[in-house]
1. Run down the lysines and flag those whose C-alpha is under 19 Å from the C-alpha of Lys165, throwing out any fewer than 8 positions away in its chain.
2. Using a Cα-Cα cut-off of under 19 Å, which lysines could be cross-linked to Lys326, ignoring same-chain neighbours fewer than 8 residues away?
3. Using helices alone, what [θ] at 222 nm do you get for the chain, with -39,500 (n - 2.57) per DSSP H run of 4 or more residues, divided over all residues and rounded to the nearest 500?
4. When the Kirkwood radius is taken over all Cα pairs of the range 263-335, what Stokes-Einstein diffusion coefficient follows at 10 °C and 1.306 mPa s, in µm²/s?
5. How far is it, in nm, from the label point at Lys287 to the one at Ser369 when both lie 7 Å from their Cα along the line to the Cβ?
6. Report the normalised scattering of the range 181-255 as log10 I(q)/I(0) at q = 0.14 Å⁻¹, calculated by the Debye formula with identical scatterers on the alpha carbons.
7. What is the Rg over Rh value, at two decimals, for the range 1-180, using alpha-carbon atoms and the Kirkwood definition of Rh?
8. Please compute the alpha carbon radius of gyration of the range 76-225, then divide it by the globular-protein estimate 2.2 N^0.38 Å. Two decimals is fine.
Amino acid sequence: MVAPILVQRMFDAAIAYETNTVTFQLSVPIQNDWNLVSVPGLHPLNQNVNTWWANRDPLANVYRYNGSYQPVTTVSPGIGYSLKHSGPQVYNTGDEWPIGGIRVVPHHPISGNTGWNLIGGYEISVATADITTVPSGLQSGPIYKYSSGYQIANTLEPGYGYWMKLTSVGQIILPETLSKRTEPIEYFPDDWGKIIITDATGINFILYAVNGEVDLYRYELPPASMTGMVDIRYSSNRIAEDLKGEMKTIYINGVTYPLTVKVVNLDVKIQDPSGQEINAELKSGEKITITNSSINKLNLLSNKIFTPIEYGLEQNYPNPFNPTTKIRFSISEAGNVKLRIYNILGQEICRLLDENKDIGVYTISFDASELNSGMYIYKLEVNGFTQTRKMTLIK
């Protein structure tokens, strides 16, 4: 056999070519208790769950998700799994996995169902912002990872599992190479309220209070976790809710008490279900401590989510840019908002926005793939307010 030749290194995965196969080296830290995992290639022995994770909890099944959790004994690339592990451990090629590496597989499209899909990547890290679907536009909301609770994932790393929601049946396409995109998709505007819950181990989890008209369907969290997994969500199963005018409930599971609950960018009334032990009104920046571990539900109501006090058009970011950038603006009164792009001669290039908007702060993406390098002007018009700024496209 010809000795492996290292040809590329990507994060913690190294790819090597041998005479008949392509293999890669991999290191995947696994935490105690529940994890979302995947296999980014083929194990040279077999695909049994015990071959991949020798120290998994033998009393717990490994599960895939297909409308419900289903136990499995073998695993396949492209699919994510829920795994309970006995203690933390780092799985490495050369130690827990063969020194010759894991075999690379073709990057086939991943079959996706309507609703939630538990998926895994291949041997390279990819930006979630670069994942596409066939038909296009099926993704609904962020892609989530599990790290002591569900968190937004900006990258898919080899060896881990991720939740992705689709609006219809289709195929999920992972890019073949590392992304050049440096800026993740923004799902939570800065002017939204935040409820930050921190447990005794230092785990932070953030729920959001929306500002303005929002499609809340996009903010549904993945299916409820296995027993013992950290899980914090609104009773609607969302990570974001409208707290104005109606009491909303937060469910808290799997955390270590005491908890601190802090609110940012909103004033809120917070109670335990009885209203006897926790009954407080918090202003932005204030927090309370919950020591009673039997309190696993909180009711919240907000009559004030802070809104912009003036109109404004911010400098695009990044600037200079190639080929995409983001333009952020704020409006202090509802009205028809026009956002237009002009060349340096004052000729209109495109209309990014021409619609009614509520009070709030907004971010609009601009793709200049079809334009030439140079300086451009963007202009905001709303309720008699006008402001322009310059931006530079460099290709």
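Every number here is computed from the coordinates shown, using simple stated rules; none is lab data. Here the structure is a predicted model, which is why all the values come from computation and not from measurement. Ideal geometry is used to build each Cβ from the backbone, glycine not excepted, and the neighbour counts take in all protein chains shown.
1. List returned: Lys145.
2. Lys180, Lys338, Lys357, Lys379, Lys390, Lys395
3. After summing the helix terms and dividing by the residues of the chain, the value is 0 deg cm²/dmol.
4. Rounded to a whole number, D works out at 101 µm²/s.
5. 4.3
6. Result of the Debye calculation: -0.50.
7. Rg divided by Rh gives 0.95.
8. 1.14
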